[in-house]
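Novice: After the structure tokens below, expect a handful of questions from me.
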Amino acid sequence: MDQSIKAYIRQLVQEAVQQSASSLSNLPSSTGRKQYVIANWKMNKNIKETLEFLQQLKEGTGVEVVVCPPAPLLYPAKLYVQGQNKEIQIGAQNVHQEDKGAYTGESAANLLKDIGCSYCIIGHSERRQYAQEDDATVNQKAKQALKRGLTPIICMGETLEQKQQNQTEKVLTTQILGAMDGIDVSQVIFAYEPVWAIGTGESATAEEAQRIHAYIRAVLAHIDKRNAEKVSILYGGSVNENNAQEFAAMDDIDGVLVGGASLQVDSFQKIIAVFAKGA
Ligand code: PGA
């Protein structure tokens, strides 16, 4: 599609959403939406540490617990939780958009599914930065994940510079429309992860995150009014055992994607307990 037409559509959606966001955020709370606590280990942990962590980790009632280890640890992690009959899901941190072929170092969606992954993080800001993934790539990867039976966890968020320039809503609208082209809203999970909050120890405030989550939901409602209210939108960015409760209390925050604080089983378990309790 022509770039100017895309920009025009984005502008129209943004204006319409801004008008309706306040009324949408006043809707009844998130009853019925699935709650998630997801560990993004990034490039951390070896096999021994992984199995020790999973041995100690307990699932939580009413909350889906997902652990996303580095790719070589996916299969042993899956075998371990399966062998222990734990209700803990395993997710990949990335997936390739093609079925198979000459893509050195990449992982195919059907292989990830085959070894027991249920979820796949897509479009994390680190991959957008280091692997130059853009919204079109995110869209292709999400389509491929869905085709092979993996649930995409689609990440989005603004940089500090974009936030300071009051571009947050504009950036998110572009990211959502780009990522969701031709995708069924009800089949994916979203994670709002402001780039400035990732790994910095400086999270968004719960109120700030709630406002943005309501905005994201309003954009989704423009794509699919019926399903937008059912979609789980997680917050990520310096979530820890001390601030998790504040996020859990917000109507439009349906879980968290946790990096640093998911590496210690004690702190991750406390975060699970917060969401399990509220479920
Ligand atoms: P963080 O990372 O919790 O360490 O900020 C979150 C993420 O990158 O998903």
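The values are calculated or read from the model by the stated rules, or taken from the named source; none is laboratory data. For clarity, every value in this text was computed on a predicted model and none was experimentally measured. Methodologically, a virtual Cβ is constructed for each residue, glycine included, from the backbone with ideal geometry; neighbour enumeration extends over all protein chains shown. Areas reflect the complete protein model, heavy atoms only, side chains present, ligands, DNA and RNA absent. Shrake-Rupley method; radii C 1.70, N 1.55, O 1.52, S 1.80 Å.
Novice: Counting only other residues whose beta carbon sits under 12 Å from that of ARG148, what net charge do I get with K and R as +1, D and E as -1?
Specialist: Values: positive: LYS100, LYS113, LYS141, LYS143, LYS147; negative: GLU98, ASP99, ASP114.
Around ARG148, the surrounding residues sum to +2.
Novice: In addition: Using unit Cβ charges (K, R positive; D, E negative) and no other charged atoms, how large, in debye to the nearest 20, is the dipole of the stretch 158-237 about its Cα centre?
Specialist: With Lys and Arg at +1 and Asp and Glu at -1, about 240 debye.
Novice: Which residues in the stretch 163-197 have a backbone N closer than 20 Å to a point placed 7 Å from the Cα of THR205 along the Cα-to-Cβ line?
Specialist: Those under the cut-off are 163-169, 192-197.
Novice: Right, something else. So what's the net charge close to GLU87: Lys and Arg +1, Asp and Glu -1, counting the other residues with Cβ under 15 Å from its Cβ?
Specialist: +2
Novice: Which order do peptides 132-138, 89-95, 188-194, 222-228 fall in by mean Cβ count within 10 Å, highest first?
Specialist: Ranking the peptides 132-138, 89-95, 188-194, 222-228 by packing returns 188-194, 89-95, 132-138, 222-228.
Novice: Provide the percentage of antiparallel DSSP beta bridges, counting only those with both residues in the stretch 32-278; round to the nearest 5.
Specialist: Here the share of antiparallel DSSP bridges comes out near 5 percent.
Novice: Another question about this same structure. Charges only on Cβ, +1 for Lys and Arg, -1 for Asp and Glu: so what's the dipole of the stretch 32-278 about the Cα centre, in debye to the nearest 20?
Specialist: Once rounded to the nearest 20, the dipole reads 600 debye.
Novice: For the chain, what does -39500 (n - 2.57) per DSSP helix run (n ≥ 4), summed and divided by total residues, give at 222 nm, in deg cm²/dmol to the nearest 500?
Specialist: One gets -13500 deg cm²/dmol as the mean residue ellipticity at 222 nm.
Novice: What are the extents of the Cα atoms of the chain along their three principal axes, in Å, largest first?
Specialist: Extents along the principal axes: 51, 46, 34 Å.
Novice: Now for a different question. Quick query: amide H of GLU64 versus all other amide H atoms, modeled in the peptide plane; which residues come in under 5 Å with a sequence gap of 5 or more or a different chain?
Specialist: GLN35, TYR36, VAL37
Novice: Roughly how tilted is helix 265-278, in degrees to the nearest 10 and between 0 and 90, from the longest Cα axis of the chain?
Specialist: So the helix axis and the longest Cα principal axis differ by about 50 degrees.
Novice: Between CYS120 and residues 5 or more places away or on another chain, which pairs have amide H atoms under 5 Å apart, with H built 1.01 Å from N, and which residues are they?
Specialist: Residues meeting the criterion, in which the H sits 1.01 Å from N, are ALA92, THR151, ILE153.
Novice: Can you work out the Karplus-derived ³J(HN,Hα) for every residue in the stretch 177-191? Use 6.51 cos²θ - 1.76 cosθ + 1.60 with θ = phi - 60°, whole Hz, and x for glycine or proline.
Specialist: With the stated coefficients, the stretch 177-191 comes to 4, x, 6, 9, 3, x, 10, 6, 3, 6, 9, 10, 10, 10, 10 Hz.
Novice: For the stretch 184-211 and the stretch 98-128, what is the separation of their C-alpha centers, rounded to whole Å?
Specialist: Taking the Cα centre of each part, the stretch 184-211 and the stretch 98-128 sit 22 Å apart.
Novice: Tell me, what % of the accessible area of the chain is carbon and sulfur with a 1.4 angstrom probe?
Specialist: Roughly 48 percent, rounded to a whole number.
Novice: Moving on. Treat each spin label as a single point 7 Å out from the Cα along the C-beta direction, and report the LYS225 to ASN242 distance in nm.
Specialist: Rounded to a tenth, the inter-label distance reads 4.5 nm.
Novice: Then there's this: Per residue, what accessible area does the chain have, given a 1.4 Å probe and all protein chains present, in Å²?
Specialist: 47
Novice: List residues of the stretch 96-132, by number, whose backbone nitrogen lies under 20 Å from a label position 7 Å along Cα→C-beta of LEU160.
Specialist: Inside the label zone: 125-130.
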